[in-house]
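S.K.: First the structure, then my questions, so here it is.
The values are calculated or read from the model by the stated rules, or taken from the named source; none is laboratory data. Treat the numbers as computed from the prediction; the structure is a model and nothing was measured. All Cβ positions, even for glycine, are placed from backbone atoms using ideal geometry, and neighbour counts span all protein chains on display. Just so you know, the surface numbers come from the protein's heavy atoms only, side chains and all, with ligands and any DNA or RNA stripped out. Shrake-Rupley method; radii C 1.70, N 1.55, O 1.52, S 1.80 Å.
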Amino acid sequence: MNILLLGSGGRENALAWKIKQSEKVNKLFIAPGNAGTGLVGENIAISATDFPAIKNFALKEKIEMVVVGPEEPLVRGIYDFFKADKEICHIPVIGPSAEGARLEGSKDFAKQFMMRHNIPTAQYKSFTYDDLQDAYRFIDQLKAPYVLKADGLAAGKGVLIIEDKEEAKTELKAMLSGMFGDASKTVVIEEFLSGIECSVFVLTDGESYKILPVAKDYKRIGEGDKGLNTGGMGAISPVSFADDVFMQKVEETIVIPTVEGLKKDKIDYKGFIFIGLISVDNEPMVIEYNVRMGDPETEAVMLRIKSDFGDLLLGAGTASLKDKTMEIDNRYAVTVMMVSGGYPGDYERNKEITGLDSITDSIVFHAGTKLDGEKVLTNGGRVIAVSSYGATKDEALALSYKNANKINFDKKYYRKDIGFDLK
Ligand code: AMP
Ligand code: GLY
């Protein structure tokens, strides 16, 4: 089978690496990809949101499955675009319909979905500018800190957690007045949940599902989870507190009601569901849904899937997932993200990356890189993810740190405490 994978980050490099190992896969193309995906498959200079160009390419290269990495093409309806076109409707697209993608694209939609299907999550109410006084009264009823969420996609910046009540009201008014453009015309205000978070990934064909290895990501730039939020500085799988008892609860109270809820609501969904969870006194509650794999979680999770991943994806795309198996490697897998100095603020690009060829005992995934002749240059805030296996988390981390030390570019930075809060 020929596969077209959309996206250009570390997640896509990890997906490409795993997909390419599949016995079912003949050619693998990545649009637009990066210097790392170009080592695994063939990069194509097409944007992941240029649907007409994707269609032409799919026809020309006899693509038999499209795998969507990031959320944007999904929210913009790539699944529906393929389904509605006679020439390409036979090609499975791994990812939900635009309606399904609203689970990530609209926090209000996601909260209503959870309420409707009895899925544990924080209590909430949604408001627009016209309800400002009601929103203030709702804040008065809640205990600090106050959680304010822009309804729409806001490049990962749309969630504010504020201690002071008056400040929360001021920020709420600013959000509703367009602080995040249209994304914050509706704001979800919710109860603050205290606990430890993890990421659960589910692959579904709309009927049946498989749960992928659970992971935890580290979002803050600084050690000890201090400083600004980033796209993610590292990840660990498995997660010590997400043991069998906890995961059983996750499956019964969250995964099954989610898959059944999609079915009941007649939402066409064949793809990944990323459930951002928080454990509150060992009870899992949903913080958010995403409709794609996590980044950098994927750079750890892919290492732990032993089964033929191309075959699993085909199962999701052709409603035959129940006949497939998801075999999991018991070892730890970790990833350490090397980033450009200054990230997540301003940073420079086009720095030469050296040492990539000297890596043994780790798997290097490219996040923000590009080729310049023979040279590999930095091309983003997150640059290289160094992933490793180990019998323990510390063994795996030691390998990633050893190798991150060998890879060099001007002003490189990485956290040296990934997994610090786990047993
Ligand atoms: P989200 O974009 O919904 O994932 O929110 C970003 C981050 O804000 C989450 O990863 C949590 O760390 C935090 N967060 C979101 N909602 C809550 C909540 N209700 N209680 C506590 N923390 C939250
Ligand atoms: N690592 C979190 C995300 O991909 O949104």
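S.K.: Whole angstrom only: what separates the Cα centroid of the stretch 357-383 from the Cα centroid of the stretch 132-189?
M.R.: 39
S.K.: Enter the accessible area of E251 (Å², nearest 10), with the probe set to 1.4 Å and all protein chains included.
M.R.: 60
S.K.: With unit charges on the beta carbon (Lys/Arg positive, Asp/Glu negative), name the residue among V339, A396, G315 whose Cα is farthest towards the positive pole of the charge dipole of the stretch 277-420.
M.R.: Sorting the options by dipole projection puts first V339.
S.K.: Still on this structure: Under 5 Å between amide H atoms, partner at least 5 residues away or on a different chain: which partners does I363 have, H built in plane at 1.01 Å?
M.R.: S387, S388
S.K.: Something else about it: Report, by chain and number, residues whose modeled amide H sits under 5 Å from the one on I30, excluding near sequence neighbours (fewer than 5 apart, same chain).
M.R.: Counting only residues 5 or more places away or on other chains, the set is L5, E42, N43, I44.
S.K.: With a 1.4 Å probe and all protein chains kept in place, how much accessible area does T170 have, in Å² rounded to the nearest 10?
M.R.: Accessible surface of T170 is approximately 90 Å².
S.K.: OK, next. Rounded, prolate or oblate: which one fits the stretch 22-70, using the alpha carbon gyration tensor with axes a ≥ b ≥ c (rounded when a/c is under 1.5, else prolate when a/b beats b/c, else oblate)?
M.R.: It comes out oblate by the Cα gyration axes.
S.K.: Whole-Hz Karplus ³J(HN,Hα) for the stretch 134-146, in order, using 6.51 cos²θ - 1.76 cosθ + 1.60 and θ = phi - 60°, x for Gly and Pro?
M.R.: 4, 5, 4, 5, 5, 4, 4, 7, 8, 8, 5, x, 9
S.K.: If you find the alpha carbon centre of the stretch 1-57 and of the stretch 307-354, how far apart are they in angstrom?
M.R.: For the stretch 1-57 versus the stretch 307-354, the Cα centre distance is 13 Å.
S.K.: Accessible surface of S237 in the full protein assembly, 1.4 angstrom probe, to the nearest 10 Å²?
M.R.: Answer for S237: close to 0 Å² accessible.
S.K.: Could you state the accessible area per residue of the chain in Å², with a 1.4 Å probe and every protein chain left in place?
M.R.: Result: 42 Å² per residue.
S.K.: Taking the Cα centre as origin and putting +1 on Lys and Arg beta-carbons and -1 on Asp and Glu beta-carbons, what dipole magnitude results for the chain, to the nearest 20 debye?
M.R.: It works out to roughly 580 debye.
S.K.: Taking all protein chains as present, what is the carbon and sulfur share of the accessible area of the chain, in % to the nearest whole number, probe 1.4 Å?
M.R.: Of all accessible area on the chain, carbon and sulfur atoms account for 48 percent.
S.K.: Taking only DSSP H segments of four or more residues, each worth -39500 (n - 2.57), what value at 222 nm results for the chain once the sum is divided by all its residues, to the nearest 500 deg cm²/dmol?
M.R.: Value at 222 nm, helices only: -7500 deg cm²/dmol.
S.K.: Taking H placed 1.01 Å from N in the peptide plane, check which residues at least 5 places from K219 or on another chain put their amide H under 5 Å from its amide H.
M.R.: Excluding prolines and chain starts, which carry no amide H, the hits are M233.
S.K.: What is the stretch 1-132's relative contact order, in percent, from Cα pairs under 8 angstrom and six or more apart in sequence?
M.R.: Relative contact order of the stretch 1-132: 20 percent.
S.K.: Separate question: Take C89, C198 and sort them by solvent-accessible surface of the protein heavy atoms, 1.4 Å probe, largest at the top.
M.R.: Final ranking, largest accessible area leading: C89, C198.
S.K.: Go ahead and set up a Gaussian network model of the chain, Cα springs under 10 Å, then flag whichever of A101, A48, A144 fluctuates most.
M.R.: Maximum fluctuation in the GNM of the chain, among the listed residues, is at A144.
S.K.: Restricting to the chain, what percent of DSSP beta bridges are antiparallel, rounded to 5?
M.R.: Roughly 80 percent of the beta bridges in the chain run antiparallel, per DSSP.
S.K.: By the gyration tensor of its Cα atoms, with a ≥ b ≥ c the square roots of the eigenvalues, what is the shape of the stretch 63-180: rounded for a/c under 1.5, prolate for a/b over b/c, or oblate?
M.R.: prolate
S.K.: If Lys and Arg each add +1 and Asp and Glu each add -1, what is the summed charge of the other residues whose beta carbon sits under 12 Å from the beta carbon of G231?
M.R.: Spelling it out: positives minus negatives among the neighbours equals +1.
S.K.: For the stretch 76-167, which trypsin sites (Lys or Arg not before Pro) pass both filters: DSSP loop (anything but H, G, I, E, B) and at most 16 other C-beta atoms within 10 Å?
M.R.: Of the trypsin sites (Lys or Arg not before Pro), the ones in loops of the stretch 76-167 whose Cβ has at most 16 other Cβ atoms within 10 Å are R76, K86, K143, K157.
S.K.: Please identify the chymotrypsin sites (Phe, Trp or Tyr not before Pro) of the stretch 370-423 that satisfy two criteria: DSSP loop assignment and at most 15 other Cβ atoms within 10 Å. Which are they?
M.R.: For chymotrypsin sites (Phe, Trp or Tyr not before Pro) across the stretch 370-423 that sit outside H, G, I, E and B with at most 15 neighbouring Cβ atoms in 10 Å, the list reads F420.
S.K.: Would you mind counting up the charge near E99? Only other residues with Cβ under 10 Å from its Cβ, with Lys and Arg at +1 and Asp and Glu at -1.
M.R.: Around E99, the charge tally is -1.
S.K.: Can you tell which of D311, D134, D329 shows the greatest fluctuation in a Gaussian network model of the chain with Cα springs below 10 Å?
M.R.: Sorting by GNM fluctuation, first place goes to D134.
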